[in-house]
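Let me begin by presenting the structure, written as structure tokens, before commenting on it.
The values are calculated or read from the model by the stated rules, or taken from the named source; none is laboratory data. If you're wondering where the values come from, they're calculated on a predicted model, not measured in any experiment. Don't worry about glycine lacking a Cβ; one is built from the backbone with ideal geometry, like all the others, and counts go over all protein chains shown. The protein model used for the area step is the full one, side chains on, heavy atoms only, and it has no ligands, DNA or RNA in it. Shrake-Rupley method; radii C 1.70, N 1.55, O 1.52, S 1.80 Å.
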Amino acid sequence: GMMNAFVEHIIRALVDHPGEVLITSLDGRRNVIIELRCHSGDMGRVIGKNGKTIGAIRTLLSGLAAKQGRKAVLEVVE
């Protein structure tokens, strides 16, 4: 859905291996769990210093989900 596309767009813009970005989601009625996989060399870039980058993306994602009356969880899968 829209949230997947949003996360995918941002992550692909950040990484060196955009072709290896894989986003899957488990859509529930109230919750959506988004799993993000990427090239191991891009992991640090996605997470950012002290988790700042992934934190910012999670904040934006929460705002999007809230508009739909839902909660979103973004998990980075190694």
Problem set entry | Assigned charges on the beta-carbon of Lys, Arg, Asp, Glu; the chain dipole about Cα centre (debye) | 480
Problem set entry | Net +/- balance of residues flanking Val76 in space, Cβ distance below 11 Å, scoring K and R +1, D and E -1 | -2
Seminar exercise, completed: Surrounding charge for Pro18, neighbours by C-beta under 12 angstrom, Lys/Arg +1, Asp/Glu -1, total -2
For this session: Compute, for Thr53, the solvent-accessible surface of its heavy atoms (probe 1.4 Å) with the complete set of protein chains present, and express it in square angstrom to the nearest 10.
Result: 40
Problem set entry | Mean residue ellipticity (222 nm) of the chain, computed from DSSP H runs ≥ 4 via -39,500 (n - 2.57), nearest 500 | -13500 deg cm²/dmol
Exercise. At a 1.4 Å probe radius, carbon and sulfur cover how many percent of the accessible area of region 4-78?
Worked result: 53
For this session: Rounded to whole Hz and in sequence order, give me ³J(HN,Hα) for region 12-19 from the Karplus expression 6.51 cos²θ - 1.76 cosθ + 1.60, θ = phi - 60°, writing x for Gly and Pro.
Result: 4, 6, 8, 8, 8, 10, x, x
Exercise. Share of antiparallel DSSP beta bridges in the chain, in percent to the nearest 5?
Worked result: 50
Exercise. Which value, in Å², gives the accessible area per residue of the chain when a 1.4 Å probe is used on the protein heavy atoms?
Worked result: 62
Seminar exercise, completed: Per the Kirkwood formula over distinct C-alpha pairs, the hydrodynamic radius of the chain in angstrom is 12.5
